[in-house]
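The values are calculated or read from the model by the stated rules, or taken from the named source; none is laboratory data. Not measured: the values here are computed from a predicted model. With ideal geometry, Cβ positions are generated from the backbone for all residues, glycine too; neighbour counts draw on all protein chains shown. The accessibility values were calculated without ligands, DNA or RNA, using every heavy atom of the protein model including side chains. Shrake-Rupley method; radii C 1.70, N 1.55, O 1.52, S 1.80 Å.
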Amino acid sequence: MDQAREEFGKTVKALQFFTRLTLPARIASLADQSTGLNTAACHFPVAGLAIGALAAVVFLALSAFLPPVLASGLTIAAGMVLTGALHEDGLADCADGLGGSSKAERVLEIMKDSRIGAFGAIALIFSVGLRWATLASLDPVTGALALTVCHSAARGSIAIALATSTYARASGTGSLVAPGITTTELAICAAISVLPALALLGFAGLIAAIAGWLAALLFLLWFERRIGGYTGDCLGAMEQIAEIAILVSITAMLAG
């Protein structure tokens with residue numbers, strides 16, 4: 001019972017970080033605030049599953065009386081409200097930094113600037129636009145399942161950086177996970193990310209989840225080459241890139 005309570009508390013910790021949900025005090029108290037967020041890494045895809053399920057409910061409800069394009073756009077907007085656009089912010093900062101300079105120190109400096117530049121704006125347009133277009137191409141039920149899968153597997157992909165890379169700043173949001181995780185924990189996180197995708201969408205879901213993780217890994221490798229490690233913004237960008245890759249893959253296999 002104590003072990004189950006501890007594991008549930010780690011899911012609560014992940015939800016508190018990834019969303020702006022106000023959880024009941026009794027549930028919120030289960031999150032152990034004395035340990036780092038990295039201890040909850042295996043629960044990132046579980047938290048993502050909850051976020052995706054909420055997005056799926058919104059999408060199904062809107063699809064009942066709105067055209068696909070409107071239902072898709074409003075669902076994506078609702079998701080950003082739920083998460084505080086946490087990952088979108090990371091993507092925009094990474095785009096501004098990587099596009100703004102070739103020197104690691106300057107890239108990190110640009111990424112700390114709260115103002116959004118041209119590269120960041122373009123990245124957000126493509127991120128929202130691609131997710132909007134892919135979701136609108138799917139029937140309501142498939143779209144709802146795709147949302148559940150992509151939110152779960154994309155957040156799970158963050159674990160790749162925690163297991164294989166190092167934090168590139170002295171402080172910042174990423175320092176919450178800087179201690180990292182083991183390869184065993186990475187394997188567990190991968191399994192928790194892939195199994196729901198396989199269960200909900202079969203072979204297409206499995207391929208899409210793998211595609212999302214590969215896309216996140218490729219971005220991490222590029223970011224590491226430029227910076228020498230990862231940052232909190234990098235983790236957000238990995239999640240967004242994985243989401244896009246998963247939705248595009250599902251649409252390519254199941255749309256129409």
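Annotations for the structure displayed:
Residues are listed down the side, and each one gets a yes or a no for (1) buried (at least 21 other Cβ atoms within 10 Å of the Cβ); (2) more than 18 Å from F219 (Cα to Cα); (3) within 20 Å of the chain's Cα centre (by Cα); (4) not hydroxyl-bearing (S, T, Y):
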residue: G90; (1), (2), (3), (4): yes, no, yes, yes
residue: V107; (1), (2), (3), (4): yes, no, no, yes
residue: I122; (1), (2), (3), (4): no, no, yes, yes
residue: T148; (1), (2), (3), (4): yes, yes, yes, no
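- Among the residues making up region 25-72, those that are hydroxyl-bearing (S, T, Y), modelled with pLDDT under 90 and within 22 Å of the chain's Cα centre (by Cα) are T35, T39.
- Cross-chain or 6+ apart pairs with Cβ under 7 Å, region 78-95 first and charged (D, E, K, R), then in a helix (DSSP H, G or I): E88/M80; E88/L124; E88/S127; E88/Q240; D89/G236; D93/M111; D93/G120; D93/D233
- Tally of residues being surrounded by fewer than 18 Cβ atoms within 10 Å (Cβ to Cβ), free of Cβ contacts under 8 Å to residues at least 60 places away in the same chain and part of a helix (DSSP H, G or I) across region 174-198: 7
- Going through (1) among the small types (G, A, S); (2) closer than 24 Å to K112 by Cβ; (3) over 14 Å from the mean Cα position of the chain (by Cα) one by one, A187 falls short only on (2).
- Residues satisfying the stated conditions in region 214-256, i.e. more than 16 Å from S193 (Cβ to Cβ), assigned to a helix (DSSP H, G or I) and of a type in the set (G, A, S): G232, G236, A237, A252
- Taken over region 32-82, the criterion of being in a helix (DSSP H, G or I) and over 22 Å from P140 (Cβ atoms) is satisfied by L37, N38, T39, A40, A41, C42, H43, F44, P45, V46, A47.
- The set of residues in region 152-172 that are open to solvent by 20 Å² or more (accessible area, probe 1.4 Å) and within 15 Å of the chain's Cα centre (by Cα) is empty.
- Checking each residue in region 206-238 for being open to solvent by less than 20 Å² (accessible area, probe 1.4 Å) and touching a Phe, Trp or Tyr at 6+ places or on another chain (Cβ under 9 Å) picks out L220, F223, G229, Y230, T231, C234, A237, M238.
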